[in-house]
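Asker: The structure follows.
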Amino acid sequence: MNQTWWKEAVVYQIYPRSFCDSNGDGIGDLQGIISKLDYIKELGVDVIWLSPIYRSPNNDNGYDISDYQDIMEEFGTMADFDQLLEEAHRRGLRIIMDLVVNHTSNQHKWFLESRKSRDNPYRDFYIWREGKDGKLPNNWGAWFGGPAWEYDKQTDMYYLHLFTPEQPDLNWENEIVRKKIYEMMTWWLDKGIDGFRMDVISMISKVPGLPDGELLETGYGDVSHACAHGPRVHEFLQEMNREVLSKYDIMTVGETACVTVEEAKKYSGFDRHELNTVFQFEVMDMNFNENGKWNDLPVQLTKFKSIFNKWQTELDGCAWNALFLGNHDQPRSLSRFGNDTTYRVESAKMLGTCLHMMQGTPYIFQGDEIGMTNAYFEDLNDYRDIESYNVFHHLTEEKGMPKETVMRYLQLVSRDNGRTPMQWNDQENAGFTTGTPWISVNKNYHEINAAAATKDKNSIFSYYQKLISLRHRSSLIVYGSFHMLMPDSEEIFAYERVLEEQKLVVLCNFTDQTVDYAMDLSGYEKLIGNYDGILNGQLRPYEAVVVQKNMIFKD
Ligand code: GLC
Ligand code: CA
């Protein structure tokens, strides 16, 4: 397999609004990030993925962009960005930017022009349709609730928005739109950034004719199947690759909702000239039911394992996995897959082990390295995310669910759980801001914070440092093939990695009990684990242990 830096890298995702506030306005900013680069370097990662920092009215926290070549006022200036890039590069850290080009903000100058008249030169930058018999152009529902169409009085037509009405979808069929986007990407790459994470990139090509989707519980037609992996998406990405990406030594990762293994091989196959990798959401979405993610179903380990097993084995040798258990759109991975009370430290290390020992490029979401947990807000007013509000009203008012039930769902799966401020120390507001934070700090910051973690040799942070450095020193961990062991166990996630003579076995207990296993580990040596020693044939609560044979280390 071809060796490349982005396969060997570990990525750290920063959600800038919640990372570090330098000027006391309660909102994280670029100077705040600069002040924490040493911390990120100390962790040992190679790449930072910055969630959007562009000019934005913040209807969807920066995923609604009004100017792609300017910085959000609350975050700083372009000079601050240039300084951030330089300071990161000086420390050997690369930066990849979020690229949000399925839609813009409705405040983007293209849209302001487009809505002016039916014959405006920018009209065709967006997707405008006539109503059908006095009704919406089709039955599609928007991702965050409500219809996917917004009526615009000015020209008596509707425009398409797969997300909020403030996020009109760009018309990728229009080649001028594509050209403008490629120019903008080139401008950033010429500045020296190291790649892109591409927001909902699987949705850019819409099925011609925009046919109705299958009617869902929400009362709207399914939009994901009408828009995910549309007929021209691969053509567009190959064009983007030809015109832009292939000219730089960068990394790309696509956010591809509803992606299957087959489809992922098209986006990121080594011979496809599209993207380097994609995020698949099968694990994140494994508990979806008729209310989507809004439920309290427990995680079934065999299902979790079989999804990883499929992606690990089927991409091996032909495409590359992006490994993650959470991000800014998800609850905290520790609260979801581990135990955020009695075994918080053990289970955070176990989850880190389980993920970082697989084949692929691991992503750490800010705060996971210190074991941050869900916020479990008790008051609806503590939430900030538009999706959470929309769903609360939909489930309580339209579907008549009890408020307590829906509040419980929000506590478990709201995106805001992953968006509370980074916990830096045990001072006021966890050291995130001297002002009033835009979203409340998790109450547990006295115990869970970076200052404490970086001082403690046994902390989750120290353990992550070891995981990352092992990956840097071992081709087996990066490139070895994956074989699942004990597939039927509902308690243990076990697998081996093999590269020629080199071998490692990973055993992870996903329960709060001591569990037995029948596997002979004689001849193996312990590489890393979250408890002292190894018990014979037993794993302690949330224990993770990795053993190896014939492993070769660099340097
Ligand atoms: C992606 C982003 C999410 C955003 C949405 C619309 O899923 O990760 O945060 O709300 O796209 O841009
Ligand atoms: Ca600030």
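Asker: Provide the FRET efficiency to the nearest 0.05 for the Glu243-Asp124 pair, computing r from the beta carbons and using R0 = 22 Å.
Answerer: With R0 = 22 Å, the Cβ-Cβ based efficiency is 0.65.
Asker: Which order do the peptides 213-222, 244-253, 126-135 come out in when sorted by mean C-beta neighbours inside 10 angstrom, highest first? Before the final figure, lay out each step's value.
Answerer: Working: 213-222: 15.3, 244-253: 18.7, 126-135: 13.3.
Peptide ranking by packing, descending: 244-253, 213-222, 126-135.
Asker: Here's something else I'd like to know. If contacts are Cα pairs under 8 angstrom and at least 6 residues apart, what is the relative contact order of the stretch 324-368 in percent?
Answerer: Here the relative contact order equals 45 percent.
Asker: Multiplying the sequence separation of His273 and Ser35 by 0.36 nm and subtracting their Cα-Cα distance, what value in nm do you get?
Answerer: Gain in length upon complete extension: 82.0 nm.
Asker: On to the next question. Where does each of 515-522, 407-414 land if you order them by average Cβ count within 10 Å, highest first?
Answerer: Working: 515-522: 11.6, 407-414: 21.2.
Final packing ranking: 407-414, 515-522.
Asker: Nearest 5 percent is fine: what portion of the DSSP beta bridges confined to the chain is antiparallel?
Answerer: Numbers: 40 of 66 bridges.
Of those bridges, close to 60 percent are antiparallel.
Asker: Another one. Mean residue ellipticity at 222 nm from the helices of the chain, using -39,500 (n - 2.57) per DSSP H segment of n ≥ 4 over the full residue count, to the nearest 500 deg cm²/dmol?
Answerer: After summing the helix terms and dividing by the residues of the chain, the value is -8000 deg cm²/dmol.
Asker: So how far, in whole Å, is the C-alpha centre of the stretch 26-74 from the one of the stretch 100-139?
Answerer: Result: 29 Å between the Cα centres.
Asker: What relative contact order, as a whole-number percentage, does the chain give when Cα pairs under 8 Å and 6 or more residues apart are counted?
Answerer: Relative contact order comes out at 13 percent.
Asker: Measuring from label point to label point, each 7 Å out along Cα→Cβ, what is the Asp212 to Glu235 span in nm?
Answerer: Result: 2.8 nm between the two label points.
Asker: Report the gain in length on full extension from Asp520 to Asn536: 0.36 nm times residue separation, minus Cα-Cα distance, nm rounded to one decimal.
Answerer: Working: separation 16, 0.36 × 16 = 5.76 nm, distance 0.88 nm.
Extra length from Asp520 to Asn536 when fully extended: 4.9 nm.
Asker: How far apart, in nm, are two points set 7 Å out from the Cα along the Cα-to-Cβ line at His446 and at Lys554?
Answerer: 4.4
Asker: Related question: Take the cross-link list Lys180/Lys206; Lys247/Lys554; Lys7/Lys41; Lys7/Lys526 and give me the ones stretching past 21 Å between alpha-carbons. Please list the in-between numbers first.
Answerer: Details: Lys180/Lys206 19 Å; Lys247/Lys554 30 Å; Lys7/Lys41 19 Å; Lys7/Lys526 25 Å.
Lys247/Lys554; Lys7/Lys526, as the Cα separations exceed 21 Å there.
Asker: Also, I was wondering about something else. Highest first, please rank the peptides 273-285, 525-537 by the mean number of other Cβ atoms sitting within 10 Å of their residues.
Answerer: Highest mean packing first, the order is 273-285, 525-537.
Asker: As an exercise, identify the trypsin sites (Lys or Arg not before Pro) in the stretch 5-93 lying in DSSP coil whose Cβ has no more than 15 other Cβ atoms within 10 Å.
Answerer: Arg91
Asker: Let me ask you something else. Can you figure out the FRET efficiency of Arg473 with Asp152, using R₀ = 45 Å and their beta-carbon distance, to the nearest 0.05?
Answerer: Numbers: r = 57 Å, r/R0 = 1.27.
Approximately 0.20, to the nearest 0.05.
Asker: OK, next. Counting Lys and Arg as +1 and Asp and Glu as -1, what is the net charge of the other residues whose Cβ lies under 9 Å from the Cβ of Arg55? Write out the running numbers ahead of the final one.
Answerer: Numbers: positive: none; negative: Asp67, Asp70, Glu73.
Charge balance near Arg55 sits at -3.
Asker: Whole angstrom only: what separates the Cα centroid of the stretch 385-425 from the Cα centroid of the stretch 237-261?
Answerer: 33
Asker: Given contacts defined as C-alpha pairs under 8 Å and at least six residues apart, what's the relative contact order of the stretch 411-555, whole-number percent?
Answerer: 16
Asker: Something else now. Just grab the label-to-label distance for Arg91 and Lys457, each label 7 Å out from Cα along the Cβ direction, in nm (one decimal).
Answerer: 2.5
Asker: How high is the FRET efficiency from Thr405 to Asp512, r the C-beta distance, R0 30 Å, rounded to 0.05? Could you put the intermediate results ahead of the total?
Answerer: Numbers: r = 26 Å, r/R0 = 0.85.
Efficiency at R0 = 30 Å is approximately 0.70.
Here, each number is a calculation from the coordinates, and none is a lab measurement. Because the structure is predicted, anything quoted here is derived from the model rather than measured. Cβ atoms come from the backbone with ideal geometry, glycine included; neighbour counts cover every protein chain shown.
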